[in-house]
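The values are calculated or read from the model by the stated rules, or taken from the named source; none is laboratory data. From a predicted model like this one, the values you see are computed outputs, not experimental measurements. As a convention, Cβ positions derive from the backbone with ideal geometry for all residues, glycine included, and neighbour counts pool all protein chains shown. Please note that ligands, DNA and RNA were not included when accessible areas were found on the heavy atoms of the full protein model with its side chains. Shrake-Rupley method; radii C 1.70, N 1.55, O 1.52, S 1.80 Å.
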Amino acid sequence: MASLLGASPSSIFTCPRLSSPSSTSSISLVCFGPGKICGRIQFNPKKNKSRYHVSVMNVATEINYVEQGKKFDSKESARPVYPFAAIVGQDEMKLCLLLNVIDPKIGGVMIMGDRGTGKSTTVRSLVDLLPEIMVVAGDPYNSDPRDPECMGKEVREKVQKGEQLPVIETKINMVDLPLGATEDRVCGTIDIEKALTEGVKAFEPGLLAKANRGILYVDEVNLLDDHLVDVLLDSAASGWNTVEREGISISHPARFILIGSGNPEEGELRPQLLDRFGMHAQVGTVRDAELRVKIVEERARFDSNPKEFRESYQAEQLKLQEQITTARSNLSAVQIDQDLKVKISKVCAELDVDGLRGDMVINRAARALAALQGRDQVTAEDVGIVIPNCLRHRLRKDPLESMDSGILVTEKFYKVFS
């Protein structure tokens, strides 16, 4: 039984059986650790048979809600994270990440660069800066109590019935997707046996459900199976994940910021997949000797005493967090002139960019940048800063062209906006 439930025998405790005089079945409660009831095992003796029919119920669901309810009282109880404010250089990558946190509808970031340039460290350092959001307590999809588009089916039904929902405030979640993950682990799976025997849709949520209204990070995304990449990008674009198994269909909200990183030496993503990422950041190795020394020294300080190092950057972290929160709340008030919109589309047309995703992402990124800087009006300078990251990965590759595509975009921008 321990192997079935994924726990060691020493961590499972069985409470006394509960049975009624009128029933031949008995129920035992199964606990993982003292006082934590996670499920029950029912024994049903069959007539004229020497065996018992054993069914395990509500184990996975209860474990899921127990995990959802856990809250750390101290950040130091978890693995220490390198502060975002302590990252030296890599301004392009940091800006793309911040803009996506301010406006998740930009569509995520693809970060490509040399190995050992801090791609994974920078992405994971976002955890401390993520603002808090309101979620329905105990809901596996992090449902928004005020937005029906971000609600799971059960929560939406309760809202329609007029029931009062328990609401808590929690930080935006960041989910790491391992390269070896299966489609069932990513999308979720349906318990076919329970569906057939009991007639209920027993759905075990996957990583996409956990990442709803948060961030999904895929390290070495260019090594991920193409089919899984398609699933991720489709869910990120539509905002919903649909699981189809044996004639049963279940959908749930999956609105997340998709962040991928990789080393171009290990292979490129297909162009149609690259186009689904809102922005593309190119990361290079720092060549300045003094900067390299500073990076090495800062990392050594962090490794020797993470707590003290994090405290030294606490003021800068709080200031940046407040800046992000203010920008998110003021984003809807930021305006962009019609003249700028026309010039943005003209740049895209002259660069022969396929589709209209490039136009939309540039508009959104420019508005997010203006909000980050505390302005309510987009300028041509804002457009010039974000346009290389929004179009670099959308240009058609010319095998004979040695110039970086970001430089081509910048040259076209100055030509049109001059």
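R0 = 51 Å: FRET efficiency of Ala380 with Leu196, Cβ-based, nearest 0.05?
The value I calculate is 0.25.
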- If R0 is 22 Å, what FRET efficiency do you get for Val88 and Glu266 from their C-beta distance, rounded to 0.05? 0.30
- Which value, in Å², gives the accessible area per residue of the range 334-417 when a 1.4 Å probe is used on the protein heavy atoms? 52 Å²
- Report the FRET efficiency, 1/(1 + (r/R0)^6), for Arg115 and Thr325, where r is their Cβ-Cβ distance and R0 is 22 Å, rounded to 0.05. 0.05
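Shape verdict for the range 334-417, please, from the Cα gyration tensor: rounded (a/c under 1.5), prolate (a/b greater than b/c) or oblate.
Details: a/c = 2.13, a/b = 1.91, b/c = 1.12.
Prolate, since a/c reaches 1.5 and a/b exceeds b/c.
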- Query: To the nearest Å, what is the center-to-center distance of the range 170-211 and the range 136-167, using C-alpha atoms only?
  - Reply: 18 Å
- Item | Around Arg270: net Lys/Arg minus Asp/Glu count, Cβ-Cβ under 12 Å | -2
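List the relative contact order of the range 334-417 as a percent without decimals, with contacts defined as Cα pairs under 8 Å and 6+ residues apart.
On the way: 83 pairs, mean separation 30.7, N = 84.
Result for the range 334-417 is 37 percent.
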- Note on the structure: Counting Lys and Arg as +1 and Asp and Glu as -1 over every other residue whose Cβ sits under 15 Å from the Cβ of Asn330, the net charge comes to 0
- Message: Using a 7 Å offset from the Cα along the Cα-to-Cβ direction at both Ile168 and Ser418, what is the distance between the two label points in nm, to one decimal?
- Response: 5.8 nm
